[in-house]
1. Mind scanning Lys637/Lys792; Lys460/Lys484; Lys592/Lys785 and naming the pairs with a C-alpha gap bigger than 19 Å?
2. Taking a cut-off of 23 Å between Cα atoms, list the lysines near Lys589, but don't count ones fewer than 8 places away on the same chain.
3. Is the C-alpha gyration tensor of the stretch 1-69 telling us rounded, prolate or oblate? Criteria: a/c under 1.5 is rounded; beyond that, a/b larger than b/c is prolate, otherwise oblate.
4. To test your reading of the geometry: what angle, between 0 and 90 degrees and rounded to tens, separates the Cα axis of helix 137-167 from the longest principal axis of the chain?
5. To test your reading of the geometry: what angle, between 0 and 90 degrees and rounded to tens, separates the Cα axis of helix 616-633 from the longest principal axis of the chain?
6. Can you tell me the relative contact order of the stretch 452-563? Whole percent, Cα pairs under 8 Å, sequence separation 6 or more.
7. Roll a 1.4 Å probe over the protein chains and send me the accessible area per residue for the chain in Å².
8. Name the long-range amide H neighbours of Leu599: under 5 Å, sequence gap of 5 or more, or other chain; modelled H, no Pro or chain starts.
Amino acid sequence: MGIEHLEVAADNLTTLCNPEDLGFETTAELEPLDGTIGQERAESAMELSLEIDSPGFNVYISGNAGSGRNTALKSQLARIACTKPVPPDWGYVHNFDEPSQPLAISLPCGMMRLLAQDMAELVTSCRHDIPAAFESDDYTHRIEEVTQEFQIKRQAITDDLEQVAQKVGFTLTFTQVGITPVPVKDGQQMTQEEFTGLSDEEREELRERAESIQHDITHATQEMRRFSKEVGERVKEVDTELVRFTLTPIVNELKEKFKDHTKVVDYINHVEADMVDNLNIFKPQEPQQAPQIPGITNGQRDVDLFDKYRVNDLIDNTTCEGAPIIFEYSPTYYNLFGRIEYRARVGTFTTDLTMIKPGAMHRANGGYLVIQARDLLMSPLSWETLKRTLRSGEVQIENIGEQYSPLPSATLRPETIPVNAKIILVGSPMLVQMLRGSDEDFRRYFKVVADFDSVMTRNKGNMTKYAGFVAGQAALNGLQPFHKTAVAKIMDYSSRLVEDQDKLTTRFMDIADMLTESNYWAKKAGADIVLDEHVKQAIEQKHYRLSQTEDRLQEFIEDGTIQIETEGAKTGQVNGLAVYSLGDYSFGKPSKITARVSLGRGQILNIERETQMSGKIHNKGFMTLSGYLHGKYGHDKPLSLSASIGFEQTYSEVDGDSASSTELYTLLSELSGRPIDQGIAVTGSVNQAGDVQAIGGATHKIEGFYAVCEAQGLTGTQGVMIPATNLRNLVLKDEVVNAVRDGKFHIYGVNTIDEGIEVLTGTPAGQHQEDGSYPEGTIHYLVEKRFDEMAKKAREYGRARNESDEDSDSKGKDDTPAEADKDEAS
């Protein structure tokens, strides 16, 4: 049948966009792209999540970096958020019942700022007007009236008491500790010496007379205290009336302004009552009367006294035009859930309600919060606290140290705030799989996953949008217009990135970078527009920057350090192909694979596995060979072979199953004795039935082997054999395509091992005949013949060994005891 039908035509080795089909001359004629391309499934999932208000319908945006996930998200949020109502403001006020637990208050958008301003103005007015009222002549006159009345009554009581004392020969001394009767002699108070000089009878008489007036003194003292208390109460009434006279109009105005908000009205009532109860803070004080604390000025002390009347307008949504959209790029615990700040003062730290700071959860309340998943998971406590917040529907502000402190501390415990925010996590596909498998809460709180694909279909509609994307990037970044030929080149480059002739990449970051680099080379050439030659130069320059490792390996092959043969034919040896990945750059290079067989018991040895230099996938692919051989040749006899297969000159781990067909070809060559053309390299996976399966990196592998053949000299018979199912994945460089077109290089696409072995050896594989045998001279015939020969040799070896064992046994029985002893001694 031949192998001509397996050879792939040059036109099928790449995909080319016809610039004439794009419908424009330069991108200056196009409207910039609005939105994303090729992510309909992900956009539908995002829209579902963003528009459902039920609990748990938060969304995880899954996609690789540069896939347009953030751009699409911002576009969706901007469209949906503007249709939502602006959420209310939130703030904290002093809790007069529990001062350590500030109260959370919610007000319609814009009113929290007004409340804070009004309370600040109230404090300012009171601090100015009330002290001025205390210093007014009217207040002084009223206080004098109250005190004068007290003085009159006090004077009357003391006069009456003096008269009583004089009758019994005493006068009264008024001190801080009370009223003391002092005896009088010759109209003067008796001195201590005079009192001591009296006789015992005279001193006893004076004591009796003093005791006779003590009852009057006690009664007078009680009366004066009662009068003093009445004066204090009347002064307080005057003070209260004065404070209320200044305070009540302002308070009533505030209560009328916020009458629809019961919690605010209650708070204002508490403020009024507290100011009245603590009206002394408004009274002017002499400097010496104010206690001086080192490090604190009088102004600072006054601020402390009035801080409890201030409002912490925690969240102000007046700038929002719809629901708030918050992007938190540093999702630490404090940035997400808020904190309580402290100020150092007099060797200690103090705080108050004005130092309560909001987090992103507070700012996003009633809207949308976007977090990078990886950053969230790496931040201590953030992920667990987020889940706890979603579970309770409330956000609690507390510092981390308080949660882990061995002893409870006296600090603020702000009231929790109800939260209703849509949480949007943005991360990689690997991360979402990890969360799904290891965190049972993830499915409960993130019911929607919007999966951004890395590719999209290459059709006319998407290509038109792609051109719009190029136009948008040019306008956004100040690039020169792109000619249609340049855009066509970008399309082909996009397909090459995903190695698929029918797909385009959605990693727009890579495309945007290429646009920028192409624009650079166009400017450097002095061109007004970017042409295809500039895009081609940008691609080549990028390859040049990244290909140092590839070039070094190529040098090793060219100087013979790494031995690769591209001419002649050898038995049990073939050139396999591998892809080397260096992060953002991949390339292919050949590797020599050899096989050796001998008599054995059906074992096939993987040298890489035995030396622990192969991965699990490679081991699985290798074990498939054993299944193929036993299924193909061992249905009527055991396979009496031992085989070893290895990658020559490999010094790192080998993984993947793309070499399994290559290893099988090598083994079949060694068994059949038919040499393999060293000018044809091979890649492809195989199953136990002998079907060749698709692999990755076909484009890089072909180009890698072509570079080796070109360096050693193209003979016109060299080429690469790949699975036929990988033909759509070929987006080869122009030089490789041209070499195939000129007959200097060949690409073969095979579906089965039978097709592949014929390409490599030039010998047909052979099909079963009616008698179950294979046609003479075919690969399978030769392999079966080799197995038969090996089985025969194994039987002969076994028979000879058995006969030798029997002779030894019979000899042992015939030996005399003396001879046996002699043998044992020898």
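1. Distance filter (> 19 Å) returns Lys592/Lys785.
2. Those lysines meeting the cut-off are Lys542, Lys570, Lys616, Lys620, Lys701, Lys733, Lys744.
3. oblate
4. Result, in degrees: 50.
5. 30
6. Reported as a whole number, the value is 28 percent.
7. 51
8. Those qualifying (amide H under 5 Å, at least 5 residues apart or on another chain) are Ser642.
The values are calculated or read from the model by the stated rules, or taken from the named source; none is laboratory data. It should be emphasised that the depicted structure is a prediction, and the values quoted were computed from it without experimental measurement. For neighbour counting, all protein chains shown are included, and Cβ atoms are generated from backbone atoms with ideal geometry for every residue, glycine included. When the accessible area is computed, the model is the full protein with side chains, heavy atoms only, and any ligands, DNA or RNA have been set aside. Shrake-Rupley method; radii C 1.70, N 1.55, O 1.52, S 1.80 Å.
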